[in-house]
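Take a look at the structure below.
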Amino acid sequence: MIGILQDFSKAELENLIAEMGEKKFRAAQLFEGLTQGKKVSEITSLSKSFKERLLEGYEDAPITIEQEYHSKDGTKKYLFRLADGHLIEGVLMKYKYGYTQCVSTQVGCRMGCKFCASTLGGLIRNLSAGEILAQITLVNALHKEEKSGDSKGARAVTNVVLMGSGEPLDNYDNVVKFLRLITAEEGFGMSARNISLSTCGIVPKMYALAEENLPVNLTVSLHATTDEERVRTMPIAKAYKIADVLKACENYFAKTGRRYYFEYTLIDGENCDEEHAKRLIDLLKGKPCHVNLIRLNEVKERSLSAATDKKAYRFLGMLEKGGLSATLRRQIGVDIGGACGQLRADYLQEK
Ligand code: SAH
């Protein structure tokens, strides 16, 4: 596979351009074009001969849009094709303040969570930092007419969540590099505070992330209140106990000052009865955290069922009464391909 220019920071591009014997300002023009989501061949400030030389060693674009789906509620889903032909997916959600984009960090996933479609075919490969970044620069460019009034005035995508396919902390180095690239002042310049990283709870990497000086919002997929119950839907629970996950969260708060979040998907008969609410309250009460309840998006390859709305609100009520900060996520984009990995799985099956 040939290289990906979006993997380079501005300083790294300057070195590359110097090695090619080109003037330094070419690196700035190239970096600016890539940050704007352009293909190399579309950057008009660069000479044709220079672009030809670049394209001998690097992809014109690391990803392209294969399919786009629009929901009645304004949510958009994208199926992207990578340069080597693999598919990944992403979601764009419209809020009052701007767009939040959900990005993938791996092709497939090896964590094996029972409710999740991303993991159906296992892990195929990690995404590079530039392949994660390019999902955002590409979609941002498509919406730049709708940019919000942020300080630079150039971004339509104001928030990013690492909640697409893949386990971000299983692709740690590339994900951290991506976080440095997207928060770089000379680049896209997004604040770490506007980025949420969701993990199934890979404890040693949670400690490592706390040391990176990248104060993103840390979100942990909990989905159960005892280790015995958690292991039924999440194999990672064999490796790390809930108590150790919670200690890693507390460390993250101590190091970054950022409160942390839990994702809790409501699965009927599994994790959303009164006993579970009581245990969740015991686990989390008084901690600087927030619980996001999610209705299960039923995956046809799996046998788990969603809790009814009535049960979901009852569970939320019990948590709130118990003193937890919690919300039930409103369901969006349900008419366009459901949960993590479902779009890609369906598309691959059709082909
Ligand atoms: N691997 C990371 C991030 C990706 S998933 C993690 O585990 O956190 C983002 C969230 O969606 C996770 O909380 C995941 O457990 C949840 N999720 C996955 N499939 C789902 C489904 N079918 N219905 C509801 N939530 C789901």
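Bear in mind that the values in this text are calculations on the coordinates, not laboratory data. On a predicted model such as this, the values are computed, not experimentally measured, just so you know. Every residue, glycine as well, gets a Cβ built from its backbone with ideal geometry; the counts of neighbours run over all protein chains shown.
Key figures for this structure:
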read-out: Neighbourhood charge, 10 Å Cβ-Cβ cut-off, centred on His276 and excluding it, Lys, Arg +1 and Asp, Glu -1; value: -3
read-out: The chain, relative contact order [Cα under 8 Å, separation at least 6], %; value: 15
read-out: Value of relative contact order over segment 179-325, rounded to a whole percent, pairs C-alpha under 8 Å and six or more apart; value: 21
read-out: Crossing angle, helix 242-256 versus the chain [Cα axis fit, 0-90 degrees, rounded to tens]; value: 50
read-out: On Cα atoms only, tilt of 274-284 relative to the major axis of the chain in degrees; value: 60
read-out: Convex hull volume per residue for segment 63-350, taking Cα atoms only, in Å³; value: 128
read-out: For Ala117, net neighbour charge (Lys/Arg +1, Asp/Glu -1) across residues whose Cβ lies under 12 Å away; value: 0
read-out: Peptide ranges 81-90, 196-205 listed from the most packed, as the mean C-beta count within 10 angstrom indicates; value: 196-205, 81-90
read-out: Cα-centre dipole for the chain with unit charges at Cβ (Lys and Arg positive, Asp and Glu negative), debye to 20; value: 760
read-out: For segment 60-69, Karplus couplings with θ = phi - 60° (6.51, -1.76, 1.60), whole Hz, Gly/Pro x; value: 5, 8, x, 9, 9, 8, 8, 8, 9, 10
read-out: Fraction of alpha-carbon pairs over 16 Å apart in segment 170-284 - percent; value: 61
read-out: Burial order of peptide ranges 12-24, 132-144, 289-301, 259-271 (average beta-carbon count within 10 Å, highest first); value: 132-144, 259-271, 289-301, 12-24
read-out: Vicinal HN-Hα couplings computed from phi for segment 304-320 (Karplus, 6.51 cos²θ - 1.76 cosθ + 1.60; Hz; Gly/Pro x); value: 7, 10, 6, 6, 5, 4, 4, 5, 4, 5, 5, 5, 4, x, 5, 5, 5
read-out: Relative contact order, percent, segment 5-54 [alpha-carbon distance under 8 Å, six or more residues apart]; value: 25
read-out: Radius, Kirkwood style, for segment 164-238 when every pair of distinct Cα atoms is counted (Å); value: 13.5
read-out: All aspartates and glutamates inside 12 Å of Lys77 as judged from Cα atoms, apart from same-chain residues fewer than 8 positions distant; value: Glu66, Glu68, Glu89, Asp335
read-out: Helical contribution to [θ] at 222 nm, DSSP H n ≥ 4, -39,500 (n - 2.57), averaged over the chain, rounded to 500; value: -10500 deg cm²/dmol
read-out: Overall dimensions of segment 42-133 by Cα: Rg and Dmax, Å; value: 16.4, 51
read-out: The chain: angle of helix 48-57 to the longest principal axis, Cα-based, in degrees nearest 10; value: 50
read-out: Radius 11 Å from Cβ of Lys24, net charge of other residues (Lys, Arg +1; Asp, Glu -1); value: +1
read-out: Where Rh is the Kirkwood radius over Cα pairs, Rg/Rh for segment 5-54; value: 0.90
read-out: Lys/Arg +1, Asp/Glu -1 at C-beta; the chain dipole; positive extreme among His143, Tyr260, Ile17; value: Tyr260
read-out: For segment 12-61 versus segment 293-330, the gap between their alpha-carbon centres in whole angstrom; value: 48
read-out: log₁₀ of I(q)/I(0) at q = 0.09, 0.14, 0.15, 0.20 Å⁻¹ - segment 71-194, Debye sum with one point per alpha carbon; value: -0.25, -0.59, -0.68, -1.15
read-out: DSSP-defined beta bridges in segment 205-351 - what % are antiparallel, rounded to 5; value: 5
